[in-house]
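Participant: Dropping the structure in here first, questions after.
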Amino acid sequence: MTMATHTTHKRRRGHRLRHRPRRSLYYYIYSSLLFTTALLAISCIVLSQETETVAGETSDESDATTEEVVVDVDYGNHNNEWEDGPSSWEEFGHDNDPEVCGVPVLTVEEWESGKYWEGSKPVIVKNVTEGWAALNHWKLQEMLRRYPDAEATMGDGRRVGEYGPDEAGNILTPTTVKEFIKKHMYNPFKYFFDRKIAIPNGMLQDCHPFPMPTRTFLEDPTASGIYALSKKRKVDPRPDYEIWQDHLAISIGSDLQGLSFHFHGEAWNVVLFGKKRWLLWDHERFRTNVTRQRRFALAGPDADILSSPEWIRQLYPHPERMYELRNHGHDCIQHENEMMFVPRKWMHMVVNIGDTVSVISEVGLEKGEGKTEEDFAYDPDEESSDDDEYDSEDGYWNGSYGQGEDDSSDDNEGGMPLPPWFNRWRDGYPPGQDGDGTKE
């Protein structure tokens, strides 16, 4: 090839290059948009298929309860010791100012010599747990080691306060110390408490010497009895519901747990670990005034029962409630190793401050024999004639609004519907009589 020919071909190639159609900026933008649109369409198709698959799986499980859905959530306490609640102390703690608490603080000797359990006013007793093996045996890891299989029940403290631990039915579920602590303790709807299931003998022995008057029954069940010739032995003439027996109940709850407002027979509660805030209201203030009782406990006639912390946050600041507790009640902090005595039918609620472990004795409760499957199958939310039955010693809500009428028309302002707890302000006794049948 000659130089001229080579040059010609080069020019022609260069000519073809120079005259190749150029791509404008709009071309590239348009191409990018088409490509992006295609990718988005593919992604939407894939996502739609995955959503249909998940929806199908969810529909198959539509009958599952909320608890079953969250069963994999770890609410366990995996600490080495019971945990304090510093932030809760900042919000709910106080120094038991006499104008706020106003409950006498006694020594064990004063409690026993004065027989304050026969009185009608709350008291706090200090250093009750002196000598108790539970101070060591009930530390977190030691309790798990010694009593992993100790049985009780767990449930929502608000709902248990609503119906009472003996009538809560399927609100409660059976559990053990180990299962509760390791799997459920920090679930805000799980509180370890029961009155029908006896704690093991080892745990009972850890609490010796029992506070009086429970100790009297343990030492001699017929100490207050009289000799019956027909039976040729001493018998206690009092009905069982007036006798302090040797039954103890254990309570374990995390920070801010606790039963909502309720009342029952005389009881004492000893805190071994943690703290409790108590709100106590004199039974005389609501015994014959259901309107006052309703306004005190609830935000309104159609309002739900609040948890203990939320009641303090939302309802306590109201002037009427503040007045009632300052003048006819008590607002106290119970510390470790102290005992709170709650008189018969005083309405009360509790808020735990930090992980809290306590032991309780209540007049009239004998050693528990456990619960059956029927106990857990009962649905307390179902309306039935059973809802109208009322335990004269237990002031739990035990039903819903709108049943029955107020026995005290003078106090039923506006004729508002009342829950059974308010309806039975005379506790089922005949008008004009108290529980023992005597005239008021």
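Participant: What is the spin-label model distance, in nm, from E382 to R326 if the labels are put 7 Å beyond Cα along the C-beta direction?
Facilitator: Using points 7 Å along Cα→Cβ, the separation is 4.8 nm.
Participant: How high is the FRET efficiency from E373 to N201, r the C-beta distance, R0 22 Å, rounded to 0.05?
Facilitator: Taking R0 as 22 Å, the efficiency between E373 and N201 is 0.30.
Participant: Oh, and also: At R313 and N80, where each label point lies 7 Å from the Cα along Cα→Cβ, what is the point-to-point distance in nanometres?
Facilitator: 3.3 nm
Participant: For G364, which sequence-distant residues (separation of 5 or more, or a different chain) have an amide H within less than 5 Å of its own amide H, given hydrogens modelled in the peptide plane?
Facilitator: Amide H neighbours of G364: I243, W244, Q245.
Participant: May I pose another question? Quick one: which of 298-311, 180-193 comes out on top by average Cβ neighbours within 10 Å, and what's the full order, highest first?
Facilitator: Taking the mean over residues of other Cβ atoms within 10 Å, the ranking is 180-193, 298-311.
Participant: Taking just the C-alpha trace of region 310-361, give me its Rg and Dmax in Å.
Facilitator: 12.8, 34
Participant: OK, next. Using the structure shown, list the pairs from K115/K275; K183/K345; K115/K190; K139/K345; K115/K139 with a Cα-Cα distance above 29 Å, or answer none. Don't skip to the end; give the middle numbers.
Facilitator: Working: K115/K275 25 Å; K183/K345 35 Å; K115/K190 36 Å; K139/K345 32 Å; K115/K139 31 Å.
Going by Cα-Cα distance, K183/K345; K115/K190; K139/K345; K115/K139 fall outside the 29 Å limit.
Participant: Each residue of region 331-340 in turn: what ³J(HN,Hα) in whole Hz from Karplus with 6.51, -1.76, 1.60 and θ = phi - 60°, glycine and Pro shown as x?
Facilitator: 10, 10, 9, 9, 9, 4, 6, 9, 10, 9
Participant: At a 1.4 Å probe radius, which order do M349, M322 fall into by accessible area, largest first?
Facilitator: Ranking M349, M322 by accessible area, largest first, yields M322, M349.
Participant: Could you go through region 262-273 in sequence order and give the Karplus-derived ³J(HN,Hα) for each residue, using 6.51 cos²θ - 1.76 cosθ + 1.60 with θ = phi - 60°, rounded to whole Hz, and x for Gly and Pro?
Facilitator: 3J(HN,Hα) across region 262-273, in whole Hz: 6, 8, 6, x, 4, 8, 10, 9, 10, 8, 9, 9.
Participant: Right, here's the next one. Give me P(r) over region 79-183, computed from all C-alpha to C-alpha distances, binned every 5 Å, as integer percentages.
Facilitator: Going out from 0 Å in 5 Å bins, region 79-183 shows 2, 9, 12, 11, 16, 21, 20, 9, 1 percent.
Participant: If you don't mind, there's one more thing I want to ask. Once amide H atoms are built 1.01 Å from N in the peptide plane, which residues 5 or more positions from N77, or in another chain, come under 5 Å H to H?
Facilitator: Residues meeting the criterion, in which the H sits 1.01 Å from N, are K182, K183, H184, M185, Y186.
The values are calculated or read from the model by the stated rules, or taken from the named source; none is laboratory data. Quantities reported herein were computed from a predicted structural model and do not represent experimental measurements. Every residue, glycine as well, gets a Cβ built from its backbone with ideal geometry; the counts of neighbours run over all protein chains shown. These accessible areas exclude ligands, DNA and RNA; they are computed on the full protein's heavy atoms, side chains included. Shrake-Rupley method; radii C 1.70, N 1.55, O 1.52, S 1.80 Å.
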